[in-house]
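Read-outs: derived from the displayed coordinates by stated rules, not from any lab. No experiment lies behind these values; they were computed from the predicted model shown. Here the Cβ positions follow ideal geometry from the backbone for every residue, glycine too, while neighbour counts run over all protein chains shown.
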Amino acid sequence: MITHLIKTIKAGGALILPTETVYGLFAQALNEEAVNAVYRLKKRPRDKAMNLNVADFESILAFSKQQPAYLNKLYEAFLPGPLTIILKANAKTPYWINSGLKTVGFRLPSHPLTAEIIRATGPLIGPSANLSGSKSGKCFNDIVKAFDGKIDGYADDAYLTGKDSTILDLSSPKVSILRQGAITKEQLLAKVPELPF
């Protein structure tokens, strides 16, 4: 099954895949047409940027700049896992990913299947598998119905937490939580006390 899913992604297709939080709609981040197709499928406004789902710390460094000194410590403590971090984007970040913003979000899902696909294919976008404005994709059958056969491949997992990732903005001198999810401010500070909230 995984070989077929990897081939589908590499051919520019879109997949519904589990993460450790909710289902995501994944496609190759560096393929502009694949990204555009996901925007269309989700009916997502173009000014809503996409995150990069990456496999490792080096990939975060490859698409960002002016990283804070505590970034590696934060990575070691929480990633892969239900944390999205926002950093200043560098020139390698495609404009179709961050919608012209000066920042880019990074996610490292810890779900073994999805992590393996990212390692095999390179950076992927993976917004939650829902139509824009609807609740995050938690129920597999509802998701399949919502996209009405327009997705190129699926993988199910009945054991998701259903709780979104926490979004942590590290692009300014003061860090801020843009979305409270699975990881709390207290948990972040317990592991990385130098985080400047």
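Going by amide H atoms built from the backbone, whose H comes under 5 Å of the H on SER176, apart from near neighbours?
When sequence neighbours closer than 5 places are left aside, the close amide H contacts are ASP169.
Quick one: ASP47, ASP142, fewest Cβ neighbours within 10 Å first, how do they rank? Mind dumping the intermediate values first?
Numbers: ASP47 8, ASP142 15.
Placing the least packed residue first, the sequence is ASP47, ASP142.
To the nearest 10 degrees, how steep is helix 32-42 against the longest Cα principal axis of the chain, on a 0 to 90 scale?
It works out to around 80 degrees.
If you plug each phi of segment 105-111 into the Karplus form 6.51 cos²θ - 1.76 cosθ + 1.60 with θ = phi - 60°, what whole-Hz ³J(HN,Hα) values come out, in order, with x for Gly and Pro?
Calculated HN-Hα couplings, in order: x, 10, 9, 10, x, 9, 5 Hz.
Do any trypsin sites (Lys or Arg not before Pro) in segment 158-197 lie in a DSSP loop with no more than 15 other beta carbon atoms within 10 Å, and if so, which? List each step's numbers first, then the result.
On the way: sites: LYS163, LYS174, ARG179, LYS185, LYS191; in loops: LYS163, LYS174.
Here the sparse-neighbourhood loop sites are LYS174.
222 nm [θ] for the chain, helices only, -39500 (n - 2.57) per DSSP H run of 4+, per residue, to 500?
Numbers: 8 runs with 63 residues, N = 197.
Helices in the chain give a 222 nm mean residue ellipticity of -8500 deg cm²/dmol.
What lysines does LYS102 reach when the alpha-carbon gap must be under 20 Å and sequence neighbours fewer than 8 apart in one chain are set aside?
In chain and number order, the partners are LYS48, LYS65, LYS88, LYS92, LYS174.
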